[in-house]
Amino acid sequence: MSLAEQPVTLLKGVGARNAQKLARISIESVQDLLFHLPLRYQDRTRVQPIGAVRRGDQVVIEGEVDVAEIKYGRRRSLLVRLSDGTGGIILRFFYFSNAQRQALARGVRLRCFGEVRNGPNSLEMVHPEYQRVDPDEPLQTEEALTPIYPTTEGVHQLTLRGLMPQALALLEQGPSGLQELLPDTLLQRFQLGSLVRALVFLHRPPPDADQQQLLAGTHPAQQRLAFEELLAHQISLRKLRSQHQRTHATALSLESQLKQRLLSDIPFSLTSAQARVIDEIGQDLTRSYPMQRLVQGDVGAGKTIVSALAAIQAIAAGAQVALMAPTELLAEQHLSSFSQWLEPLGINIAWLTGRMKGRARSLALEVIASGEVQLIVGTHALFQDDVVFNDLGLVIIDEQHRFGVHQRLALREKGRRQGHAPHQLIMTATPIPRTLAMTAYADLDLSVIDSLPPGRKPVTTAVISDQRRDEVVERVRAACAEGRQAYWVCTLIEESEALQCQAAEESARMLSEALPELRVGLVHGRIKAEQKEQVMGAFKAGSLDLLIATTVIEVGVDVPNASLMIIENAERLGLAQLHQLRGRVGRGSAESHCVLMYHAPLSLNAKSRLAILRESGDGFYIAQKDLEMRGPGEVLGTRQTGDMQLRIADLVRDQKLLDDVRQVAEMILRDHPVQAEQLINRWLGQRADYGRA
Ligand code: ADP
Ligand code: MG
């Protein structure tokens with residue numbers, strides 16, 4: 001029986017209670033236990049000469065007590081001086097019993113384990129683990145480094161350390177317990193060791209193992225496991241993708257007449273990046289399986305017109321198109337662009353949001369179902385149950401990072417009938433670094449609009465302490481006096497939304513007082529949608545000078561006259577988000593500025609993060625840096641990585657494995673389909689579906 005099928009309850013010491021606790025950290029089988037790897041190690045394999053230990057070392061030492069005494073300083077403590085002929089060290093105890101004190105008498109021999117630190121007069125160990133040594137019966141040392149496991153949910157270190165040898169014994173019993181799924185030829189070609197050897201090594205590393213490598217996660221044994229995990233994910237996504245390609249979609253043939261008419265109507269010509277992406281989409285739509293394309297383009301790169309041309313191709317071929325935006329405001333903005341662009345071409349457009357009720361709503365549903373309208377613009381209300389499309393051929397999702405995977409899935413399911421699905425075009429302004437795109441998004445085709453339309457002026461960015469808030473307020477006054485508009489963004493000060501809104505209200509009061517001549521508006525999450533839109537509308541129309549907001553304005557407001565963006569507590573936001581916010585200015589002809597205000601003291605890390613933003617306006621560069629500094633969960637947002645849980649691999653640390661992983665995935669899928677399935681099972685189990693969204 002394989003170790004994946006053997007429950008942990010087979011091990012000595014695992015009763016119902018422990019089993020339950022283990023299950024909470026997803027350890028149910030013996031194999032799960034073996035994949036629970038140590039975070040770090042202690043070296044108890046040798047006794048160090050006291051004269052050789054240094055501050056920060058975690059070591060075993062052995063020596064004789066010279067003297068033990070109680071000191072009454074700021075805190076009463078028991079100090080024991082231990083020496084071994086090479087040097088001496090102080091053992092310090094703040095908590096001790098009388099019996100303990102008496103046992104630590106001069107001449108007693110002790111073996112201790114602990115961390116060495118600087119004391120007032122010499123090196124010390126505070127509360128070391130210790131044991132008395134009988135000179136006639138010397139103690140053994142450990143044969144392997146001692147693993148320290150991640151412990152949560154009441155599962156104790158010693159429990160795990162007690163169970164592991166049993167699991168390892170089962171593992172070493174024979175090849176049937178944990179099958180090697182990577183064929184020999186691949187192991188050799190990519191210089192990978194065996195899985196079993198890697199696991200044994202990591203739970204029981206020999207004394208000379210490279211601890212620094214282990215701590216960094218770059219030891220070949222760890223990399224062997226990371227490789228297999230990434231491989232399993234890659235294989236699973238590729239399988240989903242090929243399944244997907246067997247789904248049928250209506251082929252929407254290329255069209256040029258209407259496209260040409262639109263292109264001659266708009267006041268600009270496409271950038272070559274836009275033209276390339278439009279070609280890629282155009283080709284996809286002509287296929288008889290559904291397009292799944294993610295278009296990435298920095299804020300202002302001009303994604304909307306690209307999606308309009310895709311919509312035209314679908315509509316000209318007789319299909320309906322649904323365009324979904326994450327907020328009503330953004331949907332409305334799209335409605336206005338698309339109406340201006342497409343209505344002159346004879347295309348009918350409907351509008352559907354969650355707030356539409358009664359007759360307006362039933363009318364909209366009617367024209368959608370009858371096919372009278374070819375384009376439907378709206379929010380996620382588009383995929384509510386009572387919305388029936390006549391012939392949905394293309395779904396366009398804007399600013400997809402704002403939608404959960406499930407919403408994306410729901411809209412796709414919506415158009416799916418009898419093995420038939422609509423094409424899908426997904427647009428995002430959050431640049432996804434290549435490594436992430438290759439893993440988390442391996443089920444999608446990628447297009448990148450990698451240049452901005454000509455003539456955009458970079459936004460000058462300053463990083464300023466909030467102690468200089470008065471100066472910043474003066475900048476707002478000056479900009480507005482010139483007829484420009486400004487944003488003042490209050491970021492997350494506390495985790496709680498309520499407190500965040502409170503902070504925005506506070507800032508609004510302060511700013512209205514300091515700038516009585518300005519017309520000030522306020523939007524935050526607790527303000528009713530209707531009122532929010534009214535304020536945003538007023539700002540857009542130029543009847544407000546200053547807009548104070550929480551990060552709700554991140555997506556999609558387009559006010560070219562706004563030239564100044566102030567962001568409070570900028571150090572608390574991710575770089576990608578700051579970049580998005582900054583993208584709200586620099587849309588018009590005026591010189592634009594962004595002030596990143598921070599609250600001192602600024603950590604070194606925060607300082608260098610803000611410096612990246614000051615020095616670069618390139619969203620992809622910024623996202624790559626963000627990924628390196630904060631990890632993929634933060635960059636993609638938990639909503640999207642929630643399913644992409646890696647147990648061992650780390651997308652940033654293990655980037656360099658990815659090229660090999662892709663090659664191997666291809667070979668295994670081609671030549672070893674059974675192992676491909678087993679790899680998915682081993683590493684993803686029930687979760688193998690997530691890429692379907
Ligand atoms: P985003 O990629 O952020 O969605 P938009 O599609 O909203 O960007 O475009 C931003 C602005 O740039 C719009 O006003 C749009 O009309 C304009 N625009 C788009 N493409 C071009 C181009 N090739 N040349 C000049 N302006 C363009
Ligand atoms: Mg956009």
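The values are calculated or read from the model by the stated rules, or taken from the named source; none is laboratory data. Everything quoted here is computed from the prediction, not taken from an experiment. A quick note on method: Cβ atoms are made from the backbone with ideal geometry, for glycine too, and the neighbour counts reach across all protein chains shown. Accessible surface is based on the protein model in full, side chains and every heavy atom, while ligands, DNA and RNA are left aside. Shrake-Rupley method; radii C 1.70, N 1.55, O 1.52, S 1.80 Å.
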Run the simple label-point estimate for Val388 and Ser336 please: 7 Å along Cα→C-beta, distance reported in nm. 3.5
Describe numerically, in nm with one decimal, the distance between label points set 7 Å from Cα along Cα→Cβ at Ser2 and at Gln531. 5.9
How high is the relative contact order of the range 306-388? Use alpha-carbon pairs under 8 Å, at least six apart in sequence, and give a whole percent. 40
May I ask for the angle, rounded to the nearest 10°, between helix 303-316 and the longest principal axis of the chain, with both axes built from Cα atoms and the value confined to 0 to 90°? 60
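Report the relative contact order of the chain, percent, no decimals, based on alpha-carbon pairs under 8 angstrom and at least 6 residues apart.
12
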Can you give me the long-range amide H partners of Gln424? Hydrogens built in the peptide plane at 1.01 Å from N, cutoff under 5 Å, separation of 5 or more residues or another chain. Met291, Gln292, Arg293, Val395
At 1.4 Å probe size, with every protein chain present, just tell me what the per residue accessible area of the range 76-210 comes to in Å². 55
Applying 1/(1 + (r/R0)^6) with R0 = 22 Å to the Cβ-Cβ distance of Glu513 and Thr460, what FRET efficiency is obtained, to the nearest 0.05? 0.20
Using only Cα atoms and rounding to the nearest 10 degrees, what angle (0 to 90) does helix 358-370 make with the longest principal axis of the chain? 80
Answer check: the range 31-131, Cα atoms, Kirkwood Rh, Rg/Rh ratio of 1.05
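I'd like the carbon and sulfur percentage of the solvent accessible area for the chain, probe radius 1.4 Å, heavy atoms only, ligands and nucleic acids excluded.
48
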On a C-alpha basis, how far is the centre of the range 95-132 from the centre of the range 62-83 in Å? Whole number, if you could? 7
The extension gain from Gln188 to Val126, computed as 0.36 nm times the residue separation minus the Cα-Cα distance, is 17.5 nm
Starting from 0.36 nm per residue, how many nanometres of slack lie between Arg287 and Phe268 once their C-alpha separation is accounted for? 3.8 nm
222 nm mean residue ellipticity, helices alone, for the chain (DSSP H n ≥ 4; -39,500 (n - 2.57); rounded to 500): -12000 deg cm²/dmol
Interchain or long-range residues, amide H under 5 Å from Tyr41's placed H: Ile148
Compute the FRET efficiency between Asn98 and Ala611 as 1/(1 + (r/R0)^6), taking r as their Cβ-Cβ distance and R0 = 41 Å, and round to the nearest 0.05. 0.10
Protein chains only, probe 1.4 Å: how do Asp385, Asp618, Asp66 rank by accessible area, largest first? Asp385, Asp618, Asp66
In nm, to one decimal, how far is the Gln157 label point from the Leu602 one, both placed 7 Å along Cα→Cβ? 3.8
Over what distance in Å are the Cα centres of the range 195-271 and the range 293-338 separated? 27
Take peptides 581-591, 597-607, 74-84 and line them up by average Cβ neighbours within 10 Å, highest first, as a rough protection proxy. 581-591, 74-84, 597-607
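Using packing as a proxy for protection, rank 223-230, 469-476, 356-363 so that the peptide with the highest average count of other Cβ atoms within 10 Å comes first.
Ranked by mean Cβ neighbours within 10 Å, highest first: 223-230, 469-476, 356-363.
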Peptide ranges 95-103, 124-132 listed from the most packed, as the mean C-beta count within 10 angstrom indicates: 124-132, 95-103
Using a 1.4 angstrom probe on the protein heavy atoms only, could you order Asp443, Asp184 from most to least accessible area? Asp184, Asp443
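Run the numbers for Ser242 and Arg117: contour at 0.36 nm per residue of separation, minus the present Cα-Cα distance, in nm.
39.2 nm
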Helix 604-615: angle to the longest alpha-carbon principal axis of the chain, degrees 0 to 90, nearest 10? 30
So if R0 is 60 Å, what FRET efficiency would Met667 and Val67 give, r being the distance between their Cβ atoms, rounded to the nearest 0.05? 0.30
